[in-house]
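J.: This structure is in structure tokens; I'll ask about it shortly.
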Amino acid sequence: MRRTARILAANPLSLLGVLLVSLVIVGAVFAPVLAPFPDHRGAVVDFTNFNKPPSATHVMGTDVVGRDLFTRILYAYRISLLLAVVVLAIAVPIGVTLGLMAGYLGGWWEYAIMRLTDVFLSIPPLVLAISIMGVLAPTLVNGMIAVTAMWWPWYTRLVYNIARGEKVEGYVLAAEVIGASRIHVMFREILPNCIPAVLTKMTLDAGFVILIVSSLSFLGLGVQPPTPDLGSMVAEGARYLPDSWWLAVFPGLAILVAVFGFNLIGDGLRDVLGADR
Amino acid sequence: MIPVLRLAAKRIGTSLLVLFGVSVLIFCIARVIPGDPARVALGPNATAEQVANLRAQLRLDEPLVAQYGHFLADLARGDLGRSLYTNRPVTTDIAEFLPATLELILVAGIMMIAFGLPLGILAARFRGRWPDHLIRVLSLLGVSAPSFVWAVGLMLVFSYYLGWFPIAGRIASQFEIGRVTGFLLIDTLLAGNGAAFRSAAAHLVLPAFALALSGIGQAARLTRANMIETYETPYIEMARAYGFPERRVANRYAFRPSLIPSLTIIGLDLAALLGNAFLVEAVFGWPGLSRYGVQVILRKDLNAIVGTVLIISAMFILVNIIVDVLTVLLNPRIRHAQRGATP
Amino acid sequence: MNTLEIRDLRLSFRLPVGTVEVLHGISLRIARGERVALVGESGSGKSVTARIILGLLQEQRGVRLAGDIVFQGRNLLRLPPRERRAVRGTRISMIFQDPTSSLNPVFRIAPQFREVLARATPDLSEKAARARAAELLDEVAIPDAARVLDSYPFQLSGGMNQRIMIAMALANRPALLLADEPGTALDVTIQAQTLDLMRKLVVDHGTSVLFISHNLGVVREFADRTYVIYRGRIVEAGPTEAIFHDPRHAYTRALMAAQPRITGGGLPDIPERSDDFLAPLIEHEAAP
């Protein structure tokens, strides 16, 4: 772990990633303190100040009803990060457990789980989330359900491939010989070998959840107004191109910065941990 | 050739099974709408009679399994039901909107391969030096923004500010092109209208590039990783020891073996374009299947949702089969498996 | 004139943790048509020496070289990269440990052979290249050249691939052949056959050979003179027979004791390290 941290620190790109992600997290967590107009996160209207280009008071300009864009972006980060954490917190344990079962138990389990995984992976990821969100009401919780539903199979497949290889290794056989339970072998013997790959994928995925969630709300299938959301801000801003360019450009950049940060860290981790698959 | 056919047959077999699973999944998703799906679809202003009619049409009063049975029977006859949004058979709608999306995706796919693979080769060849670092940063940037952000950015710079490309749509409005294939690049050529062809091509560039960007990044990263692995092999050392030109070593002797493991994942990325097309079509007002999909989803148009997702998934699976077969065709070790080792 | 003369060659790698010297000044010479062996354990520096002669190592970063490598009167270490590359595959060629993995798995033999021939004759037509390749394959006792040329390496046996490698290595009639543990990956009998063949051919063509090996039995069969290398230093040098009859350096004796013998009882171990091993170079008198 120490060694990993040291090698990461020697890589300027990974450092940049850590910096970007830290900025995003700090911005989100301390939004109530940092945001210049905290009440602009809600349904506030200020028609004396609408559609103003970036200025000293409004560093990223104001939107069509006069709300400070910077404030709304900080608050939007809160929801994006929350979603990323919750989605991964649900999808990863489910996916990993199923992957371990399919890889280690084999037989009927393997067949059933992997065919189910194939079915989920056979619908383009975004399309699955779009159709789930389409039939459900567009709320925060449903968004989590939709994105979680499209995410777990990737972890199942990843862990399955590792577990299938580890299953025949000596240390697993040794544990079986001394009579360890299947649960013990799966979670205590095999799981630790999956951790580097899973961790790397989680770092990359934290960014991609933000990306997918913003895509859903861009299509009007995500968090509903007045709650600030990066995707719907870009969608709204796109209607005012090219004159009010800041409306679409800053929320778009906000997505790019957050996802790029996570990708830089994940990419560095992949180099160090060799968890490329 | 025989192993290729056998593999293709086997893949098509499992794929049909998976497609069956997809149809069950989509069908279930479309039926879990909270409340009465017919009421939700028709909206609060519909009369009780209208709702009852729709319930009967969708056979919502029957058990779920029976509903699915009817759906399968209809599907076997090539019938996906009627769309509430367009009031036409869903198959008709899909046939109308699919070519525009396919045209966009095909061009994006070509861009993805035409830019992604050479960038990956360059990065591997100059590993650890500036071209490698530059390509790494660009690739990561490419995958770090959703395609709608790239679409908006490209549109702002190249359409509005520079004026190099048209802003939206598939072709300038003055052109009336008879529909033959639905692919404008082909139809304009069939009509012998060069100006219309150029207009259609110009309209395609930005949406396709916005769609391709993340795929270009992925393809470049993947190619680089596999090339670097190949560079460690004895046969590359041998090629260098014999003084084969370094460019030829990269483009031929290291690239070809590296392509085989890359293909499967490139296939997945290609297929993922089907999903991202939803975002790009929305930005550029591209009259394709994805825009239709969003419309029917927002209107809770059950038949159309099921039909659209099913068609997209079928294409997704088809792309993967094609890629699998290609992998075999490119890999002599599998292609010639039946000959075995000769002394 | 010597085909190759290496004088006081030093190699060090610059690593993040500091500089590590791998070769501490080795010198050796190979006369025209002479077969010389460089013997040592893995990690002793024998394989990097071959790669320095070819100029492969110099293209990596963090490599520092000092000394002279004079090949046919020209100092390879002073040559501009372009001219150094021009020598590869034409006047110096190399045979690797595992023939099957040294041939590219996704190309048939014919195009790979043509690429080798094109190093000396760039505008060779495909047909002419094929005919020439068939001739050369005939030299290494491969009769059905047409079938072999149309095969992929994985369709051929290891021994067959080794013959192909030998044919390729000698295709452009190089002045110097570097053989790095040739055929170690093969069965012992196949290895012996292909080495015999190689020896016959280099004698016929008057090719000088630097034969790198850890296997003293093979060296004794093959080489006129032998250098023993230990941890980046040459510790003993002389005519092969002289060294085998009278190994004087402690390390050479340990190495010989460690060779498996069919009659012997198991493998005696070489001690990890011994101060005797670092004793200065012992040179045997050259045979007249």
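The values are calculated or read from the model by the stated rules, or taken from the named source; none is laboratory data. Computed from a prediction, not measured in an experiment: that's the story for all the values here. Ideal geometry is used to build each Cβ from the backbone, glycine not excepted, and the neighbour counts take in all protein chains shown. Accessible surface areas use protein heavy atoms only, side chains included; no ligands, DNA or RNA. Shrake-Rupley method; radii C 1.70, N 1.55, O 1.52, S 1.80 Å.
J.: Identify, from the list A:61, A:66, A:95, A:107, the residue that is within 25 Å of the chain's Cα centre (by Cα), among the small types (Gly, Ala, Ser) and away from every other protein chain (no Cβ under 14 Å).
T.: A:95
J.: Out of B:121, B:135, B:94, which single residue is over 20 Å from residue B:206 (Cα atoms), in a helix (DSSP H, G or I) and touching a Phe, Trp or Tyr at 6+ places or on another chain (Cβ under 6 Å)? First the steps, then the outcome.
T.: On the way: B:135 fails: touching a Phe, Trp or Tyr at 6+ places or on another chain (Cβ under 6 Å); B:94 fails: touching a Phe, Trp or Tyr at 6+ places or on another chain (Cβ under 6 Å).
One residue alone meets the criteria, B:121.
J.: Only one of A:195, A:190, A:212 is over 18 Å from residue A:121 (Cβ atoms), among the aliphatic types (A, V, I, L, M) and touching a residue at least 24 places away in the same chain (Cβ under 8 Å). Can you tell me which?
T.: None of the others qualify; the one that does is A:190.
J.: Can you tell me which residue is farthest from residue B:231 (Cα to Cα) among those in segment B:117-164 that are of a type in the set (Val, Ile, Thr) and either open to solvent by less than 10 Å² (accessible area, probe 1.4 Å) or more than 11 Å from chain A (Cβ to nearest Cβ) (or both)? First the steps, then the outcome.
T.: Within segment B:117-164, the subset of a type in the set (Val, Ile, Thr) is B:121, B:135, B:137, B:143, B:149, B:152, B:157.
Subsequent filtering for residues that are either open to solvent by less than 10 Å² (accessible area, probe 1.4 Å) or more than 11 Å from chain A (Cβ to nearest Cβ) (or both) retains B:121, B:135, B:152.
Numbers: B:121: 11, B:135: 18, B:152: 39 Å.
Residue satisfying both the conditions and the ranking: B:152.
J.: Return the residues of segment C:200-227 that are of a type in the set (A, V, I, L, M, F, W, C), buried (at least 17 other Cβ atoms within 10 Å of the Cβ) and farther than 15 Å from residue C:50 by Cα; say none if nothing qualifies.
T.: Step one: list which residues in segment C:200-227 are of a type in the set (A, V, I, L, M, F, W, C), which gives C:201-203, C:209-212, C:216, C:218-219, C:222-223.
Next, from what is left, pick out any that are buried (at least 17 other Cβ atoms within 10 Å of the Cβ): C:201-202, C:209-212, C:216, C:218-219, C:222-223.
Selection gives C:201, C:202, C:216, C:218, C:219, C:222, C:223.
J.: Name the residue that is nearest to the other protein chains (Cβ to nearest Cβ), counting only residues in segment B:224-239 that are under 35 Å from the mean Cα position of the chain (by Cα) and acidic (Asp, Glu).
T.: Just the residues of segment B:224-239 that are under 35 Å from the mean Cα position of the chain (by Cα), to begin with: B:224-233, B:236.
Checking which are acidic (Asp, Glu) leaves us with B:229, B:232.
Details: B:229: 9, B:232: 11 Å.
Going through the qualifying residues, I end up with B:229.
J.: Quick one: which of A:125, A:138 is of a type outside the set (A, V, I, L, M), touching a Leu at 6+ places or on another chain (Cβ under 9 Å) and within 14 Å of another protein chain (Cβ to nearest Cβ)?
T.: On the way: A:125 fails: touching a Leu at 6+ places or on another chain (Cβ under 9 Å).
Exactly one residue qualifies, and that residue is A:138.
J.: Turning to a different aspect of this structure: Considering segment A:244-273 alone, what residues qualify as being more than 9 Å from chain B (Cβ to nearest Cβ) and not in a helix (DSSP H, G or I)?
T.: A:244, the sole residue that qualifies.
J.: Are there helices (runs of 4 or more DSSP H) fully within segment B:262-343 with at least 3 residues that are free of Cβ contacts under 8 Å to residues at least 60 places away in the same chain and buried (at least 16 other Cβ atoms within 10 Å of the Cβ)? List them.
T.: Output list reads B:289-298, B:302-330.
J.: Looking at segment B:240-272 only, could you name the residues that are in contact with a helix residue (DSSP H, G or I) (Cβ under 7 Å, 6 or more places away or on another chain) and facing another protein chain (nearest Cβ under 7 Å)?
T.: Matches in segment B:240-272: B:240, B:241, B:242, B:243, B:244, B:253, B:257, B:271, B:272.
J.: Can you name the residue in segment B:38-82 that is assigned to a helix (DSSP H, G or I), without any contact (Cβ under 8 Å) to a residue 12 or more places away in the chain and among the charged types (D, E, K, R) and is also surrounded by the most Cβ atoms within 10 Å (Cβ to Cβ) among such residues?
T.: The extreme case among them is B:74.
J.: Moving to a separate point now. Residues B:275, B:288: which one is at negative phi and facing chain A (nearest Cβ under 10 Å)?
T.: The match here is B:275.
J.: Are any of the residues in segment B:170-183 assigned to a helix (DSSP H, G or I), in contact with a Ser or Thr (Cβ under 8 Å, 6 or more places away or on another chain) and either open to solvent by 50 Å² or more (accessible area, probe 1.4 Å) or more than 19 Å from residue B:291 (Cβ to Cβ) (or both)?
T.: No, every residue in segment B:170-183 fails to be assigned to a helix (DSSP H, G or I), in contact with a Ser or Thr (Cβ under 8 Å, 6 or more places away or on another chain) and either open to solvent by 50 Å² or more (accessible area, probe 1.4 Å) or more than 19 Å from residue B:291 (Cβ to Cβ) (or both).
J.: Out of contact with any strand residue (DSSP E or B) (no Cβ under 6 Å at 6 or more places or on another chain), at positive phi and more than 11 Å from chain B (Cβ to nearest Cβ): is that true of residue C:199 in this structure?
T.: For residue C:199, the condition - out of contact with any strand residue (DSSP E or B) (no Cβ under 6 Å at 6 or more places or on another chain), at positive phi and more than 11 Å from chain B (Cβ to nearest Cβ) - is not met.
J.: Confirm whether residue C:147 is over 29 Å from residue C:212 (Cβ atoms), at the interface with chain B (Cβ under 9 Å from one of its Cβ atoms) and not hydrophobic (A, V, I, L, M, F, W, C).
T.: yes
J.: Let me ask you something else. For the list (1) assigned to a helix (DSSP H, G or I); (2) at pLDDT below 80, I need the number of the one condition that residue A:102 fails.
T.: Of the numbered conditions (1) assigned to a helix (DSSP H, G or I); (2) at pLDDT below 80, the odd one out for residue A:102 is (2).
J.: Among the residues that make up segment A:177-199, is at least one of them open to solvent by less than 30 Å² (accessible area, probe 1.4 Å) and within 14 Å of chain B (Cβ to nearest Cβ)?
T.: no
J.: A follow-up question, please. What tally of residues in segment C:20-60 results from selecting those that are more than 17 Å from residue C:281 (Cβ to Cβ), among the charged types (D, E, K, R) and free of Cβ contacts under 8 Å to residues at least 40 places away in the same chain?
T.: Number of matching residues: 2.
J.: Moving on. Do we find that residue A:84 is closer than 30 Å to residue A:201 by Cα, of a type in the set (A, V, I, L, M) and crowded, with 20+ Cβ neighbours inside 10 Å in this structure?
T.: Criteria met by residue A:84.
J.: Which condition from (1) in contact (Cβ under 8 Å) with a residue 24 or more places away in the chain; (2) in contact with a Leu (Cβ under 9 Å, 6 or more places away or on another chain) is the one that residue A:37 breaks?
T.: (2)
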